[in-house]
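Below is one structure, written out as structure tokens; comments come after it.
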Amino acid sequence: MNVAGLIFANIHDRSLPELTQVRNMASVPFGGRYRLIDFTLSNMVNSGITKVGIITHYNYQSLLDHLGNGKDWDLARREGGIKLIPPNVSAAGAGHLPSSRLESMLSAIDFITHCNEDYLVLSDCDIICNLDLSDVIAAHAASGADVTFVTKRVDASGMYLSESVGCVKADENGRITEFVMKRPTDGVVNIYTNIMVVTREYLISMLSDAAARGYTSFFHDVIAHVVADGTANYRAYEYEGWYAYVSSLEGYFNASMKLLTQEARDGLFAVANRPVLTKVRNSSPTKYCEGAKVTDSVVADGCIIEGTVENSILFRGVKVGRGTVVKNCILMQDTYTGSDAELNCIVTDKNVVIRDGRCLSGCETMPIFIGKGRYV
Amino acid sequence: MIFRKKECVAMLLAGGQGSRLYALTKKTAKPAVRFGGKYRIIDFTLSNCVNSGIDTVGVLTQYQPLVLNEYIGNGFPWDLDRAFGGVMILPPYQGQNGADWYKGTANAIYQNMTFIDRYDPDYVLILSGDHIYKMDYDKMLDFHKKKGADCTIAVIDVPIEEASRFGIMSTNEDGSIWKFSEKPKNPDSTKASMGIYIFNRKKLEEYLIADEADPASSNDFGKNIIPTMLQKGEKMFAYPFSGYWKDVGTISSLWEANMDLLGSKPALDLSGEDWRIFARHSADAPQYVGSRARVENSYITEGCEIYGTVKNSVVGPGVKVMYGAFVEDSVLMGDTVIEAGATVKYSIIDTGVTVGAGATVGADRDAGAAIAVVGEDVNITAGAVVEPGAMLSE
């Protein structure tokens, strides 16, 4: 396929400070066994893309560890595969860490110019969906657009936004007539999903133009102006499948809990020929012990459950001790809970230890977060 | 190619039909039969090799090799996709002097002596792909070297009343073997051969060539090579292994080995980071346990959706147990649907099976009942009854 991918691994780190303290947005754990980048990478791979650049600036140890050489996504390739694009900072102090999307793209200009694909798919790591990109690309190519923005009609009240999003209006042909960055609070809005297909030649000329003019903001200085002036062909592609967006800890909690619905699991995991790929950890199957009571929960492999788990998400290797009750919680990899503890609306990062008899409770709109490796 | 000598090369005999597993091996070789939810039997020997530092493994296949070949692939899941060495599938082939099926275990190795020679190893480890156990072959190799043996055979203590089912080694105090009896009526030792041999390569090749030249030989390690070597006075030692080891060659032993994973102190523990058993996985979603589900004392794998009741069972990937369905004392190998109101008790259900609504498979596990076995892709219609001990295949 004549398309390459480009993923922004760091861009939304600030919207989820709790979880991005020790990693970047791309490697934020999600849904029991995944990292957020898995959804984007799988969408690309499932659409036949075999060359993916990943722009990352800082805090990327955990991302590198997750990706390895890309084998788990079938991206360990002689030709193409995963191309990591770390920051251009020299020992002599030249260069600086990109601070905007525009600077990120400019830092990847070598990747963009050395690609020989006609189109690029650009994607962030804050969206969770199972999207057929080949359909978007086909629509992009057929319309002759310079940029096709993937949009989704959502109810803004359930978004838990901590930063502004692109709100898009398009005419009946899908041509974009308005593109405004704002933080909608209610009503149904058509928002940009942070996934776009762009014609590579157009992107190169746009970037060199933006660099020459000293622009700093991709959306404010470039996209909004182009839409207002009508100087390029920008289109919207409205995605209709299941979708979740993570832009705050509450949003993360909310998006995770949606996985307990049939609709979400069908729309995300049960799509024919479009599996969500991730790093294999070789955990043994999960063991439900005598006396375990598990209901309405998503559970990864490698767990040992002796207690009660309700309405929760357990990542790989979680241990729930005898007499312990876990409700409405997200317990990340290798969280250990002793016996007779009670947890409600808690998000634990990896390797957290909850000692015997501890009792912790948050609430749905304000889950309590416990950092990586903490002992309670 | 860069040549690097290997100290020890493993040869894994995976050609057996496993006819006593009936419906379960109709389409696949025994080593490729699923075990413990997400594994296949061969994962244990392959993982043992890798964890013991052996990175060159020849897998000798013959019976129904398609699934096994696809499963092993380039060896990536076991880290056996090596630049030199790694895992290699060795089917029977046509040579200059004609072609032949593998006539016996020894003949299978004989036909692949050129494979062994490529790596110029000092030792050859012979394994079979039909046992469930975790074992450090490196310790056995150390033992072999320390004893200055020509051949070392791993043995495990079995109850004396069961000894007549095994090849029994009678040993001196220093561990050297003075007698080998295949399935003896009156065993004088409880040291049973585990079918794991380490040979000095030169010695092995010498005996394989001699054995091949003997038209009366059945070209088998247990029947021919080992007795002949003993008779000729070669230095042969028994390496005592203690730990979990199970031959899963029969329906009941396969069921038992699966059940050994359950309980608070399981006989076979696969959790934890040390001596991990590797397997080839598909990308399945995490398991989902529904709001009215009950799961107790069970081993459940990714990709499952449980809405009904599962007790004392081992469930492989992609199994759906619908509302009101009841599964107890059973092994569900994967990608199977147990429809609403169906009951599965004391059974082994292979992959791709549908148990229709309200159907009954097997019966309570009591003294008299036998395990019901449902083979690959069988469709049990709604309301049907599959008797205990039944053996269904497509």
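Rule-based calculations on the coordinates, nothing more; no lab input. Only a predicted model underlies this, so the values are computations on that prediction, with no experimental measurement involved. With ideal geometry, Cβ positions are generated from the backbone for all residues, glycine too; neighbour counts draw on all protein chains shown.
Tabulated data
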| read-out | value |
| --- | --- |
| Other-chain or far-sequence residues with amide H under 5 Å of B:TYR239's (modelled H) | B:ILE153, B:ALA154, B:VAL155 |
| Cα-based Lys pair tally, segment A:51-192, threshold under 29 Å, eight or more apart or on separate chains | 8 |
| Tail weight of P(r) past 19 Å, computed on alpha-carbon pairs of segment B:232-330, percent | 55 percent |
| Gyration tensor (Cα) of the protein assembly as shown, equivalent ellipsoid semi-axes in angstrom | 53, 32, 24 |
| Residue-count net charge about B:THR190 - beta-carbon cut-off 13 Å; Lys, Arg +1, Asp, Glu -1 | -2 |
| Whole-Hz couplings from phi, Karplus 6.51/-1.76/1.60, listed for segment A:99-110; x for Gly and Pro | 10, 9, 4, 5, 5, 4, 5, 5, 5, 9, 4, 5 |
| Coarse-grained scattering of segment B:157-248 at q = 0.10, 0.19, 0.20, 0.25 Å⁻¹, given as base-10 log I(q)/I(0) from a Debye sum over alpha-carbon atoms | -0.27, -0.94, -1.03, -1.38 |
| Helix A:200-213 axis, angle to chain A major axis (alpha carbon atoms, nearest 10°) | 80 degrees |
| Cα-based helix-to-principal-axis angle, B:201-213 vs chain B, degrees rounded to 10 | 90 degrees |
| Reachable aspartates and glutamates, given that their alpha-carbon falls under 16 Å from the alpha-carbon of B:LYS6 and they are not under 8 places away in the same chain | B:ASP55, B:ASP81, B:ASP117, B:ASP120, B:ASP122, B:ASP138, B:ASP142 |
| Burial ordering of A:MET159, B:MET391, fewest other beta-carbon atoms within 10 Å first | B:MET391, A:MET159 |
| Order of B:ASP247, B:ASP100 under a 10 Å beta carbon neighbour criterion, fewest first | B:ASP100, B:ASP247 |
| Shielding by partners - mean other protein chain Cβ count within 10 Å, residues of B:257-270 | 2 |
| Segment A:177-216-segment A:90-118 distance, computed between alpha-carbon centres (Å) | 18 Å |
| 5 Å binning of all Cα-Cα separations within segment B:52-147, expressed as whole percents from 0 upward | 3, 10, 20, 22, 23, 14, 5, 3, 0 |
| Cα centroid of segment B:142-174 to Cα centroid of segment A:268-335, whole Å | 43 Å |
| Surrounding net charge for B:SER291, when Lys and Arg each add one and Asp and Glu each subtract one, Cβ distance under 10 Å | -1 |
| Segment A:264-359, Cα convex hull volume normalised per residue, Å³ | 97 Å³ |
| Over segment A:239-343, relative contact order from alpha-carbon pairs under 8 Å, at least 6 apart, % | 17 percent |
| Rounded Å value of the spacing that divides the Cα centres of segment B:51-109 and segment A:1-71 | 37 Å |
| Neighbour-count order for B:LEU60, A:LEU122, B:LEU332, A:LEU64, fewest beta carbons within 10 angstrom listed first | A:LEU64, A:LEU122, B:LEU60, B:LEU332 |
| Between helix A:249-258 and chain A: long-axis angle, C-alpha atoms, 0 to 90°, nearest 10 | 80 degrees |
| Helix-only [θ]222 nm of chain B, DSSP H runs n ≥ 4, -39500 (n - 2.57) each, per residue, nearest 500 | -5000 deg cm²/dmol |
| Volume per residue of the C-alpha convex hull in chain A, rounded to whole Å³ | 136 Å³ |
| Inter-chain Cβ neighbour average for residues A:275-284, partner chain, 10 Å | 6 |
| Compactness of segment B:9-71 - radius of gyration and Dmax, Cα, Å | 11.7, 35 |
| For B:VAL386, residues with placed amide H under 5 Å, excluding near neighbours | B:THR360, B:VAL361, B:GLY362 |
| Proximal lysines relative to A:LYS287, as straight alpha-carbon distance under 23 Å, when same-chain residues fewer than 8 apart are discounted | A:LYS279, A:LYS319, A:LYS327, A:LYS350, B:LYS38, B:LYS134, B:LYS246, B:LYS265, B:LYS311, B:LYS320, B:LYS345 |
| Farthest toward positive dipole pole in chain A [+1 Lys/Arg, -1 Asp/Glu at C-beta], among A:ALA272, A:MET366, A:ASN116 | A:MET366 |
